[in-house]
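Input: a single structure, listed below in structure tokens.
The values are calculated or read from the model by the stated rules, or taken from the named source; none is laboratory data. Remember, it's a predicted structure, so these values are computed and weren't measured experimentally. When we count neighbours, we look across all protein chains shown, and the Cβ atoms used for this are built from the backbone with ideal geometry, even at glycine. Accessible surface areas use protein heavy atoms only, side chains included; no ligands, DNA or RNA. Shrake-Rupley method; radii C 1.70, N 1.55, O 1.52, S 1.80 Å.
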Amino acid sequence: MLVNQNTDINFNKLRPCNQAIAFARVSKDHQAEGVSLDAQIEKIREYCNNRNFSVIQEIKLTESSTRGDRKEFHKMLEFVKKQKNKTAIVVYCVDRFQRSFKESAEIEALLKEDAIEVHFWKDSLVLTKNSPASDITRWNMGILAAKMYVDALRDNVKRSMEYNWKVGILQNKAPTGYINITKNKKKTVIIDEERGALVKKMFEEYATGLYSLKDMVVWARTHGLTSRFADKPLCRAAIHAILQNPFYCGVMYVKGHYIKHIYTPLIDEDLFNTVQKQLSGKATIHTKTEYGSMDFALRGLFRCGKCGCTMTPELHTKKSGKQYSYLKCSHTHGNCDQKPINENLVFQQIEDELVGSFKFSDKALTALKASIREYIQNENGFNRMHKQQLQTRLKDAKNRLDTAINMLFSGVITKEIYETKKPQLDNEIAEIESELTKCTNDFNEIGEIIENIVEIAANAGNLIRSSKTDQKRALLKLILSNSTIIDKKAWISLKKPFDLLKNSNGRTSWLGQLDSNQH
């Protein structure tokens, strides 16, 4: 067999890439000018021109990257798959491309096939088939930071909702007997003139003790009381829910708390309490089991690998008085031949898995943290710019409203013109103020959280060995996901981003240059 010694074989050689898709995304039409669709496309065009990429398609999307199934995004990926030539997807930055890990598997598959390259202009990051672990980790950390930013916005919305609940403002649809309306640009709840009287009468009739819930179904149909949501007759369960709802006597039940609301009650508290006494015979009291209050570190963290049921902990005491616990299949779906396993053995396997998975040298940890801080610094700059632009737009809108008022008083415009213009300006001001409340100042905190995640991963084994039971449980709940036990073997599965850090473990390329211009 003859071998040509001069043949240069490189199995990792990348296909040439001469064409690109320019991808731009904003979440809303009025997103800040600094990252508007046109501003993103302009930067991407310049980038493609410098690299002699022929732009075969420009995609401008106004969509959420975290809600829905991102139909247009997946259309773009399908378009790429049909190309005969390798295609570069050029994006302004990581969070314009994705803010969750849902699309990562499909993107990684296309990278491995050498069908695409992904270029992130602002992040100076290029992903290819041969990208080192450091670049993949930067990409994953960028997605994680973007996801945490979205979560921070969601937290701001939650705080707003919790404040509204605290002062008695309803956050969702009013129950049958009330209607949601918008009055003077503010949402409120009023009594439904038609259904409200019937709901009040139903409370009064049931309080007499002469009716069962089945009778009340007939009563509601006879009197024409229907659901406000579907305008259909009320079933037994719907009537039971109405009669148990304290909203009708002036109180909301929110997340386990009773809060006095700001709307007009339909009935008084005495009538509501009388109805509850009539319903009390249907109540069921739930008590905790003997083991329900005990503190087991592995409770609810493992499933049976044979039947899928939860592995539940049990405590046993030897004749010597020494106690030990083990996990056994709960047999919720019937009997299976899963054998109990000692909890200490499971802990040992967890410790071996975590210590073996995360082997970061001090140099590697320092490099990754530096990359995280750089990303957070960039995002802080964008956030400040976005906030300043919103404040400028708010000031401009308020000035235009003041101008309109002055023009009305000066007789420059008529009252009719003013009344047409004012609601538009009020609405614009309300939208900008709402957007400002969602601007987060928590990017530095997000960076600290990500760094803490890296620290936890690097020291997971030591934390398991040294922590108390409640601390172990908190740590394992943070790290483990969908882990199973088969016979005497615990199969450990890690949550994101810990699984991502595991994937970059032990590679010398991880310590390479963090400048991602290599491709």
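Numerical summary
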quantity	calculated
Residue match in the range 286-298 (condition: under 30 Å from Gly168 (Cβ atoms), at pLDDT below 85 and open to solvent by 70 Å² or more (accessible area, probe 1.4 Å))	yes
Boolean, Ile181 is surrounded by fewer than 14 Cβ atoms within 10 Å (Cβ to Cβ) and either of a type in the set (Phe, Trp, Tyr) or within 26 Å of Ser434 (Cα to Cα) (or both)	yes
Residue within the range 170-193 that is in a helix (DSSP H, G or I) and either at pLDDT 85 or above or closer than 21 Å to Ala24 by Cβ (or both) present	yes
Neighbours by Cβ (under 7 Å, 6+ apart or cross-chain): first from the range 245-265, part of a loop (DSSP other than H, G, I, E, B); second of a type in the set (D, E, K, R)	Gly250/Lys260
Helices (runs of 4 or more DSSP H) contained entirely in the range 87-169, each with at least 3 residues that are open to solvent by 40 Å² or more (accessible area, probe 1.4 Å) and over 27 Å from Ile56 (Cα atoms)	133-166
Boolean, Glu78 is surrounded by fewer than 18 Cβ atoms within 10 Å (Cβ to Cβ), within 19 Å of Gln19 (Cβ to Cβ) and of a type outside the set (S, T, N, Q)	yes
Total residues in the range 40-62, condition part of a helix (DSSP H, G or I), open to solvent by less than 100 Å² (accessible area, probe 1.4 Å) and more than 19 Å from Pro16 (Cα to Cα)	4
Subset of the range 217-239 (residues that are open to solvent by 80 Å² or more (accessible area, probe 1.4 Å), touching a residue at least 24 places away in the same chain (Cβ under 8 Å) and part of a loop (DSSP other than H, G, I, E, B))	Phe229
Top-ranked residue of the range 200-216 - restricted to ones that are touching a helix residue (DSSP H, G or I) at 6+ places or on another chain (Cβ under 7 Å) and free of Cβ contacts under 8 Å to residues at least 40 places away in the same chain, ranked as surrounded by the most Cβ atoms within 10 Å (Cβ to Cβ)	Met216
Within the range 399-429, considering residues that are of a type in the set (S, T, N, Q) and either open to solvent by less than 50 Å² (accessible area, probe 1.4 Å) or part of a loop (DSSP other than H, G, I, E, B) (or both), the one modelled with the lowest pLDDT	Ser410
Number of the condition not met by Ile190 [criteria: (1) surrounded by 14 or more Cβ atoms within 10 Å (Cβ to Cβ); (2) free of Cβ contacts under 8 Å to residues at least 12 places away in the same chain; (3) within 17 Å of Pro265 (Cα to Cα)]	(2)
Residue within the range 386-398 that is farther than 30 Å from Phe302 by Cα, open to solvent by 40 Å² or more (accessible area, probe 1.4 Å) and at pLDDT below 75 present	no
When residues of the range 240-259 are limited to those that are out of contact with any Leu (no Cβ under 9 Å at 6 or more places or on another chain) and either exposed (fewer than 13 other Cβ atoms within 10 Å of the Cβ) or over 22 Å from Lys187 (Cα atoms) (or both), the one modelled with the highest pLDDT	Ala241
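Residues are listed down the side, and each one gets a yes or a no for (1) among the β-branched types (Val, Ile, Thr); (2) within 22 Å of the chain's Cα centre (by Cα); (3) modelled with pLDDT of 65 or more; (4) part of a strand (DSSP E or B):
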site: Arg473; (1), (2), (3), (4): no, no, yes, no
site: Asp499; (1), (2), (3), (4): no, yes, yes, no
site: Gly506; (1), (2), (3), (4): no, no, no, no
site: Ser509; (1), (2), (3), (4): no, no, no, no
